[in-house]
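Here the structure comes first, spelled out in structure tokens, and everything after it is commentary.
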Amino acid sequence: MTDVNPLVAELRSLEAEALAELERADDALALDGVRIRYLGRKEGRISLVLRKLGQMDPALRPAVGAEANRVKEALQSALEGRTAALEAGAGTGSTTDLTLPGRRQWVGGRHPVTRVMDEIFRIFGDLGFTRARGPEAETEWYNFEALNTPLDHPAADEQDTLYLQGGGLLRSHTSPVQVRTLQAFEPPIRILAPGWVYRRDTYDATHTPAFLQVEGLVVDEGISFVDFKATLAEFARRLWGPGTTVRFRPSFFPFTEPSAEVDVKRVITLPDGSTHETDWLEIMGAGMVDPNVLDAAGVDPERYTGFAFGMGPGRIAMLKYGVTDLRTFFENDIRFLRQFSEDSP
Ligand code: PHE
């Protein structure tokens with residue numbers, strides 16, 4: 001018989017198929033699949049061929065058995081070779097580009113309002129200011145009376161201020177820290193006092209019942225209106241850029257005389273290089289410290305003068321970043337917050 005035994009032919013074509021599959025397999029799982037499909041003891045394709053031996057002429061059986069052993073050994077060693085090649089990282093069909101830079105995980109960033117706070121402190125720090133703190137639960141005296149605000153003033157009304165059981169209140173501004181600092185330290189005083197303040201406001205796009213303020217106070221001999229204007233104008237230029245103009249608009253606060261609201265007009269450079277002037281934006285309330293406040297705190301108003309200011313970093317962050325709804329600062333939506341991150345990917 002010159003014809004190739006049909007089972008030997010079948011084994012050879014299985015061998016070719018298995019080798020082709022091995023070549024395409026590019027991980028351990030795929031290699032194992034090939035091994036089970038062809039060399040598996042029960043369902044492997046080579047075992048299935050050998051099962052047909054029983055119906056065959058006994059004289060032809062040894063040739064088929066020998067061929068089966070040869071194919072098994074060949075596949076076994078091809079499998080081992082391919083496994084070793086993949087483990088050495090030399091997989092030819094690999095889709096992993098080992099030269100790609102690693103993907104960085106975003107680990108967080110400073111909140112936009114914190115960034116503005118940090119900037120305010122950096123600028124005033126350069127101008128010689130230090131940091132002061134006061135309690136959030138205050139007395140009527142520190143929050144109003146010592147600040148030249150009689151208790152029948154509308155600000156002291158229960159409609160506006162959150163009173164605590166037992167007579168205290170949640171401070172409605174950071175100005176009480178002026179009084180506490182004046183009581184605790186001899187002038188010269190140059191402080192910045194950050195902190196939370198509370199008002200009976202509805203929660204909407206421009207109001208929140210709790211918000212941050214930064215208070216500033218300068219008291220010394222000979223502090224004049226010129227020091228006041230020059231300091232705040234310099235601050236505004238350092239925060240918004242040298243092209244910024246500053247306007248002091250007459251206003252009223254019980255604890256400053258005269259009082260002003262400070263507005264800025266910014267020059268914005270657009271991506272195409274052209275410039276654009278904004279409207280006037282109000283950034284703080286301010287004024288010369290009223291002599292009655294110095295007096296209440298035990299500081300001689302004949303000897304000392306000063307100025308004070310208060311601003312809302314949340315409001316400044318809105319103006320700076322073009323945010324239109326204050327509530328987004330409180331909702332902690334990571335998609336919103338990561339836009340302000342220095343290291344946002
Ligand atoms: N306390 C004022 C407010 O909350 C701001 C202010 C502070 C005004 C200091 C003048 C001087 O609106």
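The values are calculated or read from the model by the stated rules, or taken from the named source; none is laboratory data. Treat the numbers as computed from the prediction; the structure is a model and nothing was measured. Positions of Cβ are backbone-derived with ideal geometry, glycine not excepted, and every protein chain shown enters the neighbour counts. Keep in mind that these areas ignore ligands, DNA and RNA; they rest on the heavy atoms of the full protein, side chains included. Shrake-Rupley method; radii C 1.70, N 1.55, O 1.52, S 1.80 Å.
Provide, in order from the shortest bin, the percent of all Cα-Cα pairs of region 176-258 in each 5 Å bin, continuing until the bin that contains the maximum pair distance.
With a bin width of 5 Å, the distribution comes to 3, 10, 15, 19, 21, 17, 10, 3, 0.
What accessible area per residue comes out for the chain, rounded to a whole number of Å², with a 1.4 Å probe?
Spelled out: the 1.4 Å probe surface of the chain, per residue, equals 56 Å².
Among 95-102, 115-122, how do they line up by average Cβ neighbours within 10 Å per residue, starting with the highest? Intermediate values should be presented prior to the final figure.
Values: 95-102: 6.1, 115-122: 17.6.
Peptide ranking by packing, descending: 115-122, 95-102.
Distance in nm between label sites at residue 136 and residue 200, each 7 Å beyond Cα in the beta-carbon direction?
A separation of 2.0 nm, rounded to one decimal place.
Identify the residues of region 147-168 with backbone N under 11 Å of a label point that sits 7 angstrom from the Cα of residue 252 along the Cα-to-Cβ direction, or state none.
Hits in region 147-168 for residue 252 at 11 Å: 154.
If you bin every alpha carbon distance in the chain into 20 Å steps from zero, what whole percent lands in each bin?
Answer for the chain: a P(r) of 23, 32, 10, 14, 15, 6, 0 percent.
Could you tell me what percent of the accessible area of region 112-340 is made up of carbon and sulfur, with a 1.4 Å probe and every protein chain present?
That share works out to 50 percent.
Given R₀ = 56 Å, what would the calculated FRET efficiency be for residue 334 paired with residue 303, taking r from the Cβ atoms and rounding to 0.05?
0.55
In whole Å, what are the extents of region 6-91 along the principal axes defined by its C-alpha atoms, from largest to smallest?
Cα extents, longest axis first: 48, 19, 15 Å.
Once you put a point 7 Å from the Cα of residue 152 and another 7 Å from the Cα of residue 30, both along the Cβ direction, what distance in nm separates them?
8.9 nm
Of the peptides 258-270, 187-199, 158-170, 36-48, how do they stack up when ordered by the mean number of other Cβ atoms within 10 Å, highest first?
Order by mean packing, descending: 187-199, 258-270, 36-48, 158-170.
Return a single number: how many Lys pairs in the chain, at a sequence separation of 8 or more or on separate chains, have alpha-carbon atoms below 29 angstrom apart.
Here the count comes out as 6.
What nm value, rounded to one decimal, do you get for the distance between residue 42 and residue 70 when each label is placed 7 Å out toward the C-beta?
The answer from the label model is 3.1 nm.
So what is the calculated 222 nm ellipticity per residue for the chain, using -39500 (n - 2.57) for each DSSP H run with n of 4 or more, over all residues, to the nearest 500 deg cm²/dmol?
Helices in the chain give a 222 nm mean residue ellipticity of -11500 deg cm²/dmol.
So if R0 is 41 Å, what FRET efficiency would residue 80 and residue 100 give, r being the distance between their Cβ atoms, rounded to the nearest 0.05? Write out the running numbers ahead of the final one.
On the way: r = 30 Å, r/R0 = 0.74.
It comes to 0.85.
Roughly speaking, what is the centre-to-centre gap between region 286-327 and region 236-284 when only Cα atoms are used, to the nearest Å?
Spelled out, the Cα-based centre of one part sits 15 Å from the other.
What does the charge count near residue 212 come to, summing +1 for each Lys or Arg and -1 for each Asp or Glu among other residues with Cβ under 15 Å from its Cβ? Present the calculation step by step, with values, prior to reporting the outcome.
Details: positive: 110, 115, 131, 133, 171, 199, 315, 320, 327; negative: 118, 119, 136, 201, 215.
It works out to a net charge of +4.
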